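A short worksheet on the structure shown next.
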Amino acid sequence: MKNLIPKTYAEALEMLNNDNLRILAGGTDLMIQNRSWSNMLPDFKTGTILIFNLEELKYMVQEEHFLHIGSGMTLEDIKDNELTPKLLVDALKIMASPAIRNMATIGGNIGNASPAGDSLPVLYVLNALVVLESVEAMRDVPIHDFIIGPGKKTIKQNEIIKEIKIPTNNLTIVKFDKIGGRKADAISKISFAGAAHVKNNIIQDFRVAFGAVGPTVVRKYDLESHLVGLTLDDVSLNIKEILSEYGKYIRPIDDQRSNKEYRKEVALNLLESFILSL
Amino acid sequence: MAKIKFTLNNKVVEIEESPTARLLDILRDKYDFVGVKEGCGEGECGACAVLINDKIVNSCIVPLGTVEGKSIVTIEGFSKTKRHEVLRESFEEEGAVQCGFCTPGMLIASESLLNTNPHPTDEEIKIGLSGNLCRCTGYNMIIKAVKSASKKGDGLW
C-alpha cells in the first residue's frame, strides 16, 4: 500500500492523478475512523497521501471580494488569525480541544463532511466556496453543493481541496451556538450559526444554518428571503409562523448522542433566541 | 515505509516506518518513552499528549508522517526543564495527582497553555486543559496547581 508524502503541492496533484489515494491531513478524523488495535497500523483500505506539511496550503489572504483560507490551515491558526470573521472564530473557540485544533485542518473538517462538523453551519452562512484543484483544472463549488450527504461530497478522485473562499459581507450580527455532552471534544447534538444585518429596524440580510439535524447542514434560502425587508416588529409578531416554517425542514434523527424531539425543540429555540436578539 | 526525520526530546532521530503509524506507538515501542499513555485512543482524553513545536497534540491520532522536520517533546524530555520542576511541585502541593495516569498529559497541556499564556485565569486554564480527562481529582486541584505554577514560575514561560 502506498503512503506518500509529497514535498510540494504540485507533486501532491501529480500523485493524486496517478493513484487512488486517500488524502490525510492532520488525521484527527481519519486516524480514528480507520484505527485498528493499539500498536497496529490504521487500516485505510487504500493508499494515502499525507499533506499536513505542505506549506503552500497554509495561508490566509484577504482580497477585494474574498477571504482565502488555505485548506491546510489548522483550526487553532485560523482561530487566532486577525482576518478570520468573528462568526468563524466563535465556532472554532469551542470546537474540539486545543490538542485537536492544533492538528485538525479546515480542509479536513469540510472533506470529512460530517452532519455534525462544527465549522460547516458557519461556512454555509458565510456562503463559502470550496476551491478544488487537480492537474487539469481548478473550480469553485458552493459549500452546500460540495457536501451531498454524510461523508459524501462532489470531489473527483484526482482533486484536492485547495482553499475556502469567503465572500466579503456586511453581516453585523452573528451568533454561533452548539449543544454537546461535554464542553470540549463533544460531537454536537445540535449546532447553530446565525448572521444578519439590520438597518433602520429593517432586516437587510438574514441567514441561519443548523448542524446535526439532518444528513447535511440545513439552510433554507427561500425562508430567509421572506424575512428580508421586514421590520423587527414584524418578525417578532410572526415568530411562531417563522418557527413552524423552519420546523418543516428540521428533521433530526435519534442516535447515541441525542433524540429527535430534543434536537428539534432546541434547534428551534436557538433560532427563536437569535431572531429575538436582532 | 518512509524515512522520517525529526527531533525527539532535543535529539535528532530518523526512523523507517509507515507514515500512517500512530506517533503514540512509535514513541512508546520504538523509543521507550512510556510516560506517553494510551487512554481512549481516539483523541478525547489527552493521556497521550506530547508537544510538537511547543504545541499540544494527541499522539494517538497523529500520523507519523506529519512529524517530519518537527520537534517533539514527551513528558520525559519536558521533565528535564525548570518549568517542569515548578509544575511538578505545584501539582504535588495542591494534591493534583492521585492515580497519576492523566498526569503526564496534564503537565504537557499546562506547559502548552503557559507557553502561549503565562498568566491564565481559571477560565483560561479550564479551556487549556479541556482536552484532558482526570477521573480522580475532580479538576479543582489541577486548576489550582496550574495557577500556582504560573505565579511561582513567573518569568519562566
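All of the numbers you see were taken from the coordinates with simple rules; none came from a lab. Note that the structure is predicted; figures quoted are calculated from it, not measured. We place every Cβ from the backbone using ideal geometry, glycine too, and count neighbours over all the protein chains shown.
Here are a few things to note about the model shown:
- Close amide H contacts of A:Ile190 (hydrogens built in the peptide plane, cut-off under 5 Å, sequence separation of 5 or more or a different chain): A:Ile179.
- Stokes-Einstein D in µm²/s, Kirkwood radius over Cα pairs - the protein assembly as shown at 4 °C with 1.567 mPa s viscosity: 57
- Hull volume per residue, based on the alpha-carbon atoms of the range B:2-77 and their convex hull, is 72 Å³.
- Estimated Rh, the range B:81-152: Kirkwood, alpha-carbon pairs, angstrom: 11.7
- Volume of the Cα convex hull of the range A:3-167, divided per residue and given in Å³: 115
- Three principal axis extents describe the C-alpha atoms of the range A:58-127; from largest down they are 32, 22, 20 Å.
- In this calculation the C-beta distance from B:Met1 to A:Glu136 is compared with R0 = 30 Å, giving a FRET efficiency of 0.45.
- Rounded to whole numbers, the Karplus 3J(HN,Hα) couplings from phi for the range A:254-259 are 7, 8, 5, 8, 6, 10 Hz, using 6.51 cos²θ - 1.76 cosθ + 1.60 with θ = phi - 60°, and x at Gly and Pro.
- Tail fraction, Cα-Cα pairs, the range A:98-160, threshold 14 Å, whole percent: 58
- Order by protection proxy (mean Cβ within 10 Å, highest first), peptides B:8-20, B:104-116: B:104-116, B:8-20
- Peptide A:102-111 - average C-beta neighbours from other chains (10 Å radius): 2
- 16 Å Cα-Cα reach of A:Lys7 towards aspartates and glutamates, excluding residues that sit fewer than 8 places from it in its own chain: A:Glu55, A:Glu56, B:Glu68
- The angle between the Cα long axis of helix B:140-152 and the longest principal axis of the Cα atoms of chain B comes to about 90 degrees, rounded to the nearest 10.
- Cross-linked pairs A:Lys175/A:Lys260; B:Lys30/B:Lys80; A:Lys260/B:Lys55; A:Lys175/B:Lys152; A:Lys2/A:Lys178; A:Lys58/B:Lys152: Cα-Cα separations exceed 29 Å for A:Lys260/B:Lys55; A:Lys175/B:Lys152; A:Lys2/A:Lys178; A:Lys58/B:Lys152.
- Taking the helices alone, chain B has a mean residue ellipticity at 222 nm of -9500 deg cm²/dmol, built from -39,500 (n - 2.57) per DSSP H run of at least 4 residues and averaged over all its residues.
- Amide hydrogen neighbours beyond the local backbone of A:Phe66, cut-off 5 Å, H modeled: A:Thr168
- Less than 5 angstrom separates the built amide H of A:Lys220 from those of A:Val208, all sequence-distant by 5 or more or on a different chain.
- Computed from the C-alpha gyration tensor, the three semi-axes of the ellipsoid equivalent to the range B:1-143 are 26, 15, 13 Å, from longest to shortest.
- For B:Trp157, A:Trp37, order by how many other beta-carbon atoms lie within 10 Å, fewest first: A:Trp37, B:Trp157
- Cα-only Debye scattering, the range A:173-276: base-10 log of I(q)/I(0) at q = 0.16, 0.18, 0.22 Å⁻¹: -0.68, -0.83, -1.16
- Overall form of the range A:1-89 per C-alpha gyration tensor (a/c, 1.5; a/b vs b/c): oblate
- Karplus (6.51, -1.76, 1.60) ³J(HN,Hα), θ = phi - 60°, over the range B:113-130, in Hz, Gly and Pro reported as x: 5, 5, 4, 9, 9, x, 10, x, 7, 4, 4, 5, 5, 4, 5, x, 9, 5
- Peptides A:119-128, A:160-169, A:93-102 ranked from most to least packed by the mean count of surrounding Cβ atoms within 10 Å: A:119-128, A:93-102, A:160-169.
- Peptide B:117-129 shows a mean partner chain C-beta count of 1 within 10 Å per residue C-beta.
- Under Karplus coefficients 6.51, -1.76 and 1.60, residue-wise ³J(HN,Hα) of the range A:190-205 in Hz, glycine/proline x: 8, 10, 9, 10, x, 8, 7, 9, 10, 9, 6, 6, 10, 6, 9, 8
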